[in-house]
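Enquirer: Please find one structure pasted underneath; my questions will follow.
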Amino acid sequence: MTPEQPAETGLFGRYAAWTVRRRWYIVVGWLIALGGLVALPPVGSGGNELASIIPLDSPAISSELRALDEFGFPLSSRVAVVQRAPEGLSLFVQAESALDALAVNQGPKPEWPLLGALPITNSLKLFGPGGETNTSVLTYLFMDPISSFQSQQDAAQRYIDQHLERREDHVVGVAGSVPARAQQAGLVGDNISRLELLTVLAIIALVGFTFRSVLAPAIALVASGIAFVATISLSEVLSGLAGISTPAELEPLLVALLLGVVTDYTIFYVTALQARIAATARWRDAVRAAVSTDTPIVLAAGITVAAGTAALLAAKSEFFRAFGPAMALAVLVGLIVSVTFVPASIAVLGPAVFWPRDPRRARLARRTRPVPGIAALRRLRPAPGPDTPGRRRIRLVHLLANRPTAAAVVVGCVALLLAASASVRDLDLGVGFTSSLPPDNPVAVASTSASDAFAPGITSPTTILIERPDVVDDVDLLVGLQHLIEGESGVAGVVGPAQNITQRAYNVVLSESGNAARMLIVFDHDPLDATAITDLRSLRDRLPALVQEAGLTGARTSLGGDTALAEGLVGSTEADLYRIAVAGIVVNLLLLVLFLRALVAPLFLLASSVLALTASLGLTVFLFGGLGGVDGLTFYVPFAAAVLLVSLGSDYNIFGVGRVWEEARHLPLREAVLKAVPESSRAITSAGVTLAVSFGMLALIPLTPFRELAFAMAVGILIDAFVVRSLLVPAMLVLVGPFSGWPGPHLRGDRRSRR
């Protein structure tokens, strides 16, 4: 089939003809559906809290539940009230604040969900020679673990209003992981509309600039809007009926993915039309040719992205298992809209898609010069003319068609990508609820004040539970264990039996049953960042030897608290890496093999996508860890980026190599590369820039994880578009030659392309 004579044969040829004939019904039908979806009332449960990311079978949670049974309230606090006066906090205020907190434990049962309180004052110098003295009181508030974030915050505010309402109390604010997560949810909610608006404006500007058109971006915008509303509606239905909800931490990522993917597919269709309308006498023939050629490519690309993101179902972590279907749903909805509404809209508008330009004028100009054939394609130098971007692209492809040049390009690109990947070996993972907040956020300010007054880990200490019959009778041995733990690396201090404020009368560290004791361990780094997690792992490995050294033979120890939970979360995430990687690679490789009907090309295509991924992660680690001083990337960032970048890389593989394969049906491979790559690389470059900007907009969310993800995705997509798909892949096709299609039939016997 040639662009001048589009055949209405085959499944996609018939689909293209049907789309052109039914174009008005399709467009109007989607617009009516959009109006109906907007008018529907919300079905989902709603809520503004972040989804739980901690597995219920975590050893840290088991330790906390056993401690709750023994002591009646947890010692692992996730909410803390911070009082601090850098010039000095009155001893009277410190004493009164301590008594108010202890009265909560001794008096009537506190108002739910508050179960108890424990005051710590830095007048006792619990954490070594550093820190301040007589400047601060930190009161841990122990909450019912099943209570909501909002109810815990309300309880903390009621505590402040009832006990610390005076100016001389110098209340800085509330710190801890629960307030930090609630602040994250608030920041996401406050900025999601701005993210959507600016992403839409960026799409309009980029698509309009690409085609010098007013109506092309309008198609992308309306298609994205339909897909977005449909995805949100379906997500709410699934959430309300099946209890499947999207982790709110990553909702902005879904916005960027959905808008970017639909815009990409719109660009593919409009580019195909632009290439054909200038060479076809009747514009409807050009529309049919574009739809017939690109629909199987767009379908294969979209299914590949959806299947690749669904590979997260291979993870054991509920966080990733919930996120995978959410991304797959978004891509599938966007795909359905892209292959129906976009072609129908193009068929309705025809050449007006490019208004105010008219690409048919190029057809009139072409009548005065001969149509280039295979002989012209074989020439290494394009015809002279003005140095336009299109001509520079053609010149570059002709250079890549030279095997020595192709070999040099492959070596150079691989060396560049490997160099960019070098920092991946320094990748550490953290959770960092507090450290990810803006410095002026109220929770971050309170946390910083507590860190200055005590130690960085004071807001979320780790609890060690020691269990053995009658263990409380060996208080001296417990004190010895406490001193041994204080000497471990990364430990800023320990609160336990050695402090007079925690004796048996308060049932704080020594249980009434006599069978359990516990201590609070404060690390010298943010308790949810990578360094503290590493220190906790080291301490956990050393605990059996320390218990024996202290003489507590037969005692069992376990760790609870936020750092222990974060360590378990990071550990399960790292374990999921292998399952996700294997599932993602197998899915993408299988779909590439099925689409290209080859084994060799999919191998080096997927390898190039992995190289682009490792390069983007290496640059992200270097920027945020090496230059930015971030203590470990947020645990979900590398994995979300990995799944998306490999899947989107396969998406571009299918579009770019799919065009070459189409031309290779009737041309030798080298000539197919010369003919197909300039057009496909233009579309991939335009789509890549648009998608990179879409993901880059995530940096508008003022949280470190979104900035990490924005950079990783934007850089990865640009590397993929400008280095891998425009240089490395065409060069590899030229080097490997017809063997790329083995064992498929299309490239056999192509001896001319071996020269």
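FYI, it's all coordinate maths here, none of it is from the lab. Values in this document were obtained by computation on a predicted structure and should not be read as measured data. Virtual Cβ from ideal backbone geometry, glycine too; neighbours counted across all protein chains shown.
Enquirer: Relative contact order for the chain using alpha-carbon pairs under 8 Å, separation at least 6, rounded to a whole percent?
Expert: Value for the chain: 19 percent.
Enquirer: Using a Förster radius of 51 Å, what is the FRET efficiency between Y578 and D358 based on their Cβ-Cβ separation? Nearest 0.05, please.
Expert: Once rounded, the FRET efficiency stands at 0.40.
Enquirer: Here is a follow-up. So, R0 is 56 Å and r is the distance between the beta-carbons of K109 and A205; what FRET efficiency does that work out to, to 0.05?
Expert: Using R0 = 56 Å, I get an efficiency of 0.40.
Enquirer: If the reach is capped at under 20 angstrom between alpha carbons, list the aspartates and glutamates near K675, excluding any in the same chain fewer than eight residues apart.
Expert: Straight-line reach from K675, under 20 Å: E4, D294, D387, E662, E663, D750.
Enquirer: Find how much the distance from I336 to A699 grows on full extension, using 0.36 nm per residue of separation minus their present alpha carbon separation; answer in nm with one decimal.
Expert: Details: separation 363, 0.36 × 363 = 130.68 nm, distance 2.86 nm.
Residue separation times 0.36 nm, minus the Cα-Cα distance, leaves 127.8 nm.
Enquirer: Using alpha carbons only, how many angstrom separate the centre of segment 87-153 from the centre of segment 683-738?
Expert: Computed from Cα coordinates, the inter-centre distance equals 49 Å.
Enquirer: Which is farthest toward the positive dipole end of the chain among L89, L733, V723, measuring Cα position about the Cα centre, with Cβ charges +1 (Lys, Arg) and -1 (Asp, Glu)?
Expert: Final value for the positive-end residue is L733.
Enquirer: I would also like to ask the following. Normalised by the residues of segment 391-529, what does the relative contact order come to in percent, with Cα pairs under 8 Å and at least six apart?
Expert: Over segment 391-529, the number comes to 28 percent.
Enquirer: In whole Å, what is the distance between the alpha-carbon centres of segment 290-344 and segment 620-666?
Expert: Value for the Cα centre distance between the two parts: 16 Å.
Enquirer: If you stretched the chain out fully between A95 and H483, how much longer would it get, using 0.36 nm times the residue separation minus the C-alpha to C-alpha distance?
Expert: Between A95 and H483, full extension yields 137.0 nm more.
Enquirer: How big is the gap, in Å, between the Cα center of segment 273-287 and the Cα center of segment 431-480?
Expert: Here the two parts' Cα centres lie 68 Å apart.
Enquirer: Quick one: order Y265, Y159, Y15, Y140 by neighbouring beta-carbon count within 10 Å, fewest to most.
Expert: Details: Y265 29, Y159 22, Y15 19, Y140 26.
Lowest to highest Cβ neighbour count: Y15, Y159, Y140, Y265.
Enquirer: OK, next. Identify, among L709, F354, M697, the residue whose Cα sits farthest towards the positive end of the charge dipole of the chain, taking +1 on the Cβ of Lys and Arg and -1 on the Cβ of Asp and Glu, with the dipole about the Cα centre.
Expert: So the residue we want is F354.
Enquirer: While we're on this one: Using r as the Cβ-Cβ distance of L234 and L594, and R0 as 25 Å, what FRET efficiency do you calculate, to the nearest 0.05? All intermediate terms of the calculation are to be shown ahead of the outcome.
Expert: Values: r = 27 Å, r/R0 = 1.07.
So the FRET efficiency works out to roughly 0.40.
Enquirer: Also, quick follow-up: Roughly how many debye, to the nearest 20, is the charge dipole of the chain about its Cα centre, given +1 on each Lys and Arg Cβ, -1 on each Asp and Glu Cβ, and no other charges?
Expert: 7020
Enquirer: Along the charge dipole of the chain, Cβ charges K/R +1 and D/E -1, which of T266, T19, F71 sits furthest on the positive end?
Expert: Checking the options against the dipole of the chain, the answer is T19.
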